[in-house]
Amino acid sequence: MNLEQAIKTALEYEGRVHRTYLEASRAATHEIAQRVFSTLCDEEKLHIAYLHDRLTEWRESGRVTVAELSTAIPSRAAIAAGVEQLKHKVSGAPRPGYDVETEALKQALAAEVETANFYKEMVRTLDAEGRQLFERFVEIEEGHQAIVQAELDCVGGLGFWFDTPEFRLEGE
C-alpha cells in the first residue's frame with residue numbers, strides 16, 4: 001500500500017469511528033456518557049481534517065509534513081493510574097440503566113482496536129515518511145482504547161462514569 005492509499009484508508013477508519021461516537025452521543029441517555037462520546041466524536045473529526053490536509057499536501061507535492069496532532073484524552077498511563085485510584089475508593093456491581101451506553105462502548109472499543117491495528121500495520125510496512133505520519137495515530141488510538149475500556153470497566157464494575165477530580169477527559 002502506498003502512502004496515498006494508506007491516508008485514504010485511514011480516512012475510512014476514522015469516518016467509521018467518528019460515526020460510532022456520533023451515534024452513541026445521540027443515543028446516550030446519561031449526561032456524562034453524552035459528554036464522553038461527544039469528546040471522542042470531536043477528536044475523531046479532528047483526525048479526519050488532519051488526514052484530509054495530509055492527503056491534499058501529498059497530492060500537491062508528493063510529500064507530507066507531519067504536523068502536530070494533539071489529543072484531549074490523557075495518556076494510557078494516566079488512564080491506568082486513574083482507574084487504580086478509583087478501584088481503591090469504590091467497588092460494586094454493574095450500574096443498572098446503562099444498556100445503551102454499554103453497547104455503544106463495546107462497539108467503540110471494537111472500532112478503536114481495528115483502527116489502531118491498521119495504524120500499527122502502516123507503521124510496520126510504510127517507508128519513513130508514512131511511519132512518521134501514522135506513529136502518532138497509534139498513540140492516540142491506544143489512548144482512545146484505554147479510555148473506552150476504562151469507561152466500560154466503570155459502568156460494569158465501579159458503578160459510575162468517570163467524573164472525578166482524579167481523572168478527567170480534559171487531559172493530564
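The values are calculated or read from the model by the stated rules, or taken from the named source; none is laboratory data. Values in this document were obtained by computation on a predicted structure and should not be read as measured data. Glycine gets a Cβ as well: all are built from the backbone with ideal geometry, and neighbour counts include every protein chain shown.
In the stretch 21-39, of all residues being closer than 17 Å to THR115 by Cβ and surrounded by 22 or more Cβ atoms within 10 Å (Cβ to Cβ), the one that is farthest from the chain's Cα centre (by Cα) corresponds to ALA24. Considering (1) closer than 23 Å to GLN132 by Cβ; (2) part of a helix (DSSP H, G or I); (3) at pLDDT 90 or above, the lone condition that ASP42 does not fulfil carries the number (1).
Touching a Lys or Arg at 6+ places or on another chain (Cβ under 7 Å), modelled with pLDDT of 90 or more and of a type in the set (A, V, I, L, M) - does that describe any residue in the stretch 64-78? Yes, some residue in the stretch 64-78 is touching a Lys or Arg at 6+ places or on another chain (Cβ under 7 Å), modelled with pLDDT of 90 or more and of a type in the set (A, V, I, L, M).
Annotation: of all residues in the stretch 131-157 being more than 25 Å from TYR13 (Cβ to Cβ) and surrounded by fewer than 21 Cβ atoms within 10 Å (Cβ to Cβ), the one that is modelled with the lowest pLDDT is GLY157. In summary, LYS87 fulfils each of the numbered conditions (1) more than 20 Å from the chain's Cα centre (by Cα); (2) among the charged types (D, E, K, R); (3) modelled with pLDDT of 80 or more with the single exception of condition (3).
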